[in-house]
Amino acid sequence: MKIKLNIWKQENPKAKGKFVKYELDGVAEEMSFLEMLDSLNEKLIKEHQEPVAFEHDCREGICGSCGLYINGRPHGPGDEIGTCQLHMRAFREGDSITIEPWRAKGFPVIKDLIVDRNAFDKIMAAGGFISIDMGQAADANAILVSKEAADKAFDAAACIGCGACVAACKNSSAMLFVAAKVSQFALLPQGKIEAKRRALNMIAKMDELGFGSCTNTGACEAECPKGISIDYIAMLNREYLCASFSETE
Amino acid sequence: MSKFFTSSIGQKFFMSITGLFLMLFLLVHLTVNSLLLFGDGELFNRAANFMGSNPLMKVIEPVLALGFILHIVYASYITLKNMLARPQKYKVTNNTKVSWASKNMYILGGLILTFLVIHLINFFWKIKFGTITAISYDGGKTELHDVYDLVSGLFKGWWWYDAIYILGAIFLFLHLTHGFWSAFQTIGWDNDKWISRLKTIAYIYAIIVAGGFAFIPIFFLLKYVV
Ligand code: HEM
Ligand code: SF4
Ligand code: FES
């Protein structure tokens, strides 16, 4: 099939950037969205034009790097998928597709469709870890964890840090990401020790980096490729409020 | 704790608490107003005058005003900061499926505020500072403000006042369908079981409160005009 593309092009972080229109023929339904972009780039290179820069790595929905805002939705049409899991059968002959980078103060554009998601690493560095003793590996079952807590922590740990929650949110809030990261530790005994500091520091970092605050629209949950529930945001709020009211430092 | 007041969750906490407080106030307000529907006004006049002269109200009134002011100040601050968190907008507007009200809380709040100003000028101001006819139910021993006359006069005299009050109730309804459960989510009183319950209670609450307030002008139209 033949499609029309309208893609954001931006030379570097400081450049102004603009939309460029492309037409692409020979798009097969079974191509993934990224393969479609590959074929566009092959065509552009053959024509001695600058290819479109976009980020990708695993191409199987586990690395979180393929964030594209396609026709008004992060990762395009379809639920609980990354862009790499979106296929061209979601589109029809003659469709026009507008592709934009994530837009958020915390995610500045590096080039074209690639944004800098370093802010998420900074939030993780502020508290998204646990401290353990070095030395011999501990007995795996020495600390008991309830099945419920393990399941819930595991669901939170499914977050791949893609940033779709920020991209979808009208407030560019990173609350779903932070909620998943805070909860995955707070639910487990190993994470309890630093739980208060973790919630306080990660939220402070999130605020500092220019992400908005959560007004519970639920857009994040609707667009999360891993189906992370806003249940975790309630949990984060609880963690944060309790930590604030009982903090002694 | 010092960081709490400036943190995103801390600020949302105050929105939530003030919102919950305002929702409680609406219930009390509606309960008193529902007396307008019964009898020839004596019941409502007694209740309104009791509320007006009650010393407790001297304390509650400023607290209520503060509740509104804090809610509005935090709403404005948070909304502005959230807009600044996306300096460059998308070309294609977001079409993720979320409730319309949840995306338009500030606009709905602004419309409610506009209504509130009209409402205060109409009633609160006149009762507090204006002249208002007196009425007595015990042969002149005690005189009460005839607030019933004021309210019914307005609603049967000018149809567009009825329209404004019905519109105000619609804006309030939309604000509350999201606000009610959102307030619980913000203070952490929510999980994957409670979310659907809270959303259902939100609709019940919003229908009762907004429906109740909208019914009063409709009642007067039916009673006196039609
Ligand atoms: C009787 C009047 C009002 C009631 C009962 C009320 C109630 C609420 C409640 C319960 C919330 C949810 C709080 C949360 O999510 O934590 C809320 C949110 C909000 N209110 Fe109001 N409100 C009223 C008037 C106003 C006014 C006058 C404005 C603004 C001018 C306003 C602006 C907002 C905004 C922007 C939000 C969204 C904040 C958010 O979702 O995080 N409200 N309101
Ligand atoms: S919470 Fe979901 S949308 Fe947000 S970063 Fe994690 S996986 Fe992506
Ligand atoms: S490329 Fe890794 S999640 Fe899409």
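The GNM of chain A, with springs linking C-alpha atoms under 10 angstrom apart, assigns the highest mean-square fluctuation among A:Val182, A:Val145, A:Val27 to A:Val145. Using a 10 angstrom Cβ neighbour count of at most 12 plus a DSSP loop assignment to flag exposed trypsin sites (Lys or Arg not before Pro), which longest range of chain B is free of such sites? Within chain B, the longest run free of exposed trypsin sites (Lys or Arg not before Pro) spans B:1-88.
The separation of segment A:1-51 from segment A:193-243, counted between C-alpha centres, amounts to 35 Å. Once the Cα atoms are used to define both axes, helix B:8-33 deviates from the longest principal axis of chain B by about 20 degrees. Kirkwood radius for the protein assembly as shown, taken over all pairs of different Cα atoms as the inverse mean of 1/r, rounds to 25.6 Å. The Rg/Rh ratio for segment A:108-249, using Cα coordinates for both the radius of gyration and the Kirkwood hydrodynamic radius, is 0.99. Relative to the longest principal axis of the Cα atoms of chain B, the long axis of helix B:194-220 makes an angle of roughly 30 degrees. Across q = 0.10, 0.12, 0.13 Å⁻¹, chain A modelled as identical point scatterers on its alpha-carbon atoms has Debye log10 I(q)/I(0) values of -0.54, -0.74, -0.83, in the order of the q list.
Have a look at B:Leu20, B:Leu154, B:Leu84 and tell me which one the Gaussian network model of chain B (Cα, springs below 10 Å) gives the largest fluctuation. Comparing B:Leu20, B:Leu154, B:Leu84 in a Gaussian network model of chain B, the most mobile one is B:Leu84.
This model, with +1 at the C-beta of Lys and Arg and -1 at the C-beta of Asp and Glu, gives chain B a dipole about its Cα centre of some 1180 debye.
Loop-only check: which chymotrypsin sites (Phe, Trp or Tyr not before Pro) in segment B:156-226 are DSSP coil with at most 11 other Cβ within 10 angstrom?
Hits after loop and neighbour filter: B:Trp158.
Helix-only arithmetic for the protein assembly as shown: the sum of -39500 (n - 2.57) across DSSP H runs with n ≥ 4, divided by the residue total, places the mean residue ellipticity at 222 nm at -16500 deg cm²/dmol. The C-alpha atoms of chain B define a longest principal axis, and helix B:147-157 lies at about 80 degrees to it. Report the residue, chosen from B:Thr18, B:Thr79, B:Thr186, that carries the largest GNM mean-square fluctuation when chain B is represented by alpha-carbon nodes joined by springs under 10 Å. Top of the fluctuation ranking is B:Thr79.
Cross-link pairs exceeding 23 Å in C-alpha to C-alpha distance, out of A:Lys152/A:Lys226; A:Lys46/B:Lys91; B:Lys126/B:Lys156; A:Lys111/B:Lys12; B:Lys97/B:Lys199; A:Lys122/B:Lys103, comprise A:Lys46/B:Lys91; A:Lys111/B:Lys12; A:Lys122/B:Lys103.
Taking a ≥ b ≥ c as the square roots of the eigenvalues of the Cα gyration tensor, chain B is prolate, since a/c reaches 1.5 or more and a/b is larger than b/c. Placing a pseudo-label 7 Å from each Cα along the Cα-to-Cβ vector at B:Ser76 and B:Tyr224 gives an inter-label distance of 3.6 nm.
Quick note: the coordinates plus some simple rules give every number you see, no bench work behind them. Being a predicted model, the structure only gives us computed values, none of them experimental. No Cβ is skipped: glycine too gets one built from the backbone with ideal geometry, and neighbour counts run over all protein chains shown.
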